[in-house]
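Written below as structure tokens is the structure these notes are about.
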Amino acid sequence: MAKKILILNGSPKKDGNTSIMADWFSTAVRSKGAEVEIVRTAFLKYKTLGCISCRKCQESDRYECCIDDDAKPVLTKMAEADAIVFATLLYFFGASAQLKLIFDRMFSLYKWDNDAGTMQTPLKGKTMVLLASAFEDIGLDALEKPFVLTAEYTDMKFESILVANAGVSGEISKKRPDSKEKIEKLAMKIC
């Protein structure tokens, strides 16, 4: 059965380093027969800027956000995917705000029973991949940390490719040509 892979591209630029990395990954997994969808999170239409902590998702038996906007079907696709790829550039030692909007709304994909001390999620056992780049060689470890912790907490497998010194938007192919092979190799591993 073909793997379902959801790539969340958190860049506001259509031809920048993040998009190039997402395309490299997508092309490689498609060559192995995977079903791939790329969602450009910067171009979704949102009713709120991230999770509003209404906790209505916790009152429902369904794993979905109660806010009816473009993020809602993306969250559903996350629950259905075998692997979720977060692609971002470094913004002030973190992921882009455009990616963080979806990342925070993942709250709706968890059910906590605080009295019993338990948590359930359809993300358990899936693979989380982080593809990130930075102009310089600092900050990618800070960007990676929330993804690592979320994967550990959720009992997801975690993989990452962090590309330092990638240059300005669109220069990764020229500045770090070795990145393509690393990303393709990781994509093959995921398949």
### Task
Specify which residue in the list M78, M106, T88 is farthest towards the positive end of the charge dipole of segment 62-127, using unit charges on the beta carbon of Lys, Arg (+1) and Asp, Glu (-1), about the Cα centre.
T88
### Message
If you take every residue apart from D61 with its C-beta less than 13 Å away from the C-beta of D61, what net charge results, scoring Lys and Arg +1 and Asp and Glu -1?
### Response
0
### Query
In whole Hz, what ³J(HN,Hα) sequence does segment 7-23 give by Karplus (6.51, -1.76, 1.60; θ = phi - 60°), x for Gly and Pro?
10, 9, 8, x, 9, x, 9, 7, 10, x, 4, 5, 5, 4, 5, 4, 5
### Task
Give, rounded to the nearest 20 debye, the magnitude of the charge dipole that segment 4-190 has about its Cα centre when Lys and Arg contribute +1 at Cβ and Asp and Glu contribute -1 at Cβ.
380
### Task
Be a star and scan segment 123-138 for residues whose amide nitrogen sits under 19 Å from the point 7 Å along the Cα-to-Cβ vector of V168.
133-138
### Query
So which of K47/K180; K3/K185; K47/K175; K72/K111 end up more than 27 Å apart by C-alpha?
K47/K180; K47/K175
### Query
On full extension of the chain, what length is gained from N114 through K13, given 0.36 nm per residue of separation minus the C-alpha to C-alpha distance?
32.3 nm
### J(HN,Hα) series, segment 24-36, from Karplus relation 6.51 cos²θ - 1.76 cosθ + 1.60, nearest Hz, glycine and proline x
4, 5, 4, 4, 5, 6, 5, 5, 9, x, 6, 7, 10
### Message
With an 8 Å Cα cut-off and a minimum separation of 6 or more residues, compute the relative contact order for the chain in percent.
### Response
26
### Message
In whole Hz and in residue order, list the ³J(HN,Hα) couplings for segment 120-129 that follow from phi through the Karplus curve 6.51 cos²θ - 1.76 cosθ + 1.60, θ = phi - 60°; x for Gly and Pro.
### Response
10, 7, x, 7, 4, x, 6, 10, 10, 10
### Task
Could you pull out every residue, at least 5 positions away or on a different chain, whose amide H is within less than 5 Å of the one on I7? Hs are placed 1.01 Å off N in the peptide plane, and Pro or chain starts have none.
E37, I38, V39, V85
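Where a number appears in this text, it was derived from the coordinates with a stated rule and is not lab data. Bear in mind the structure is a predicted one, so any value in this text is a computation, not a measurement. Don't worry about glycine lacking a Cβ; one is built from the backbone with ideal geometry, like all the others, and counts go over all protein chains shown.
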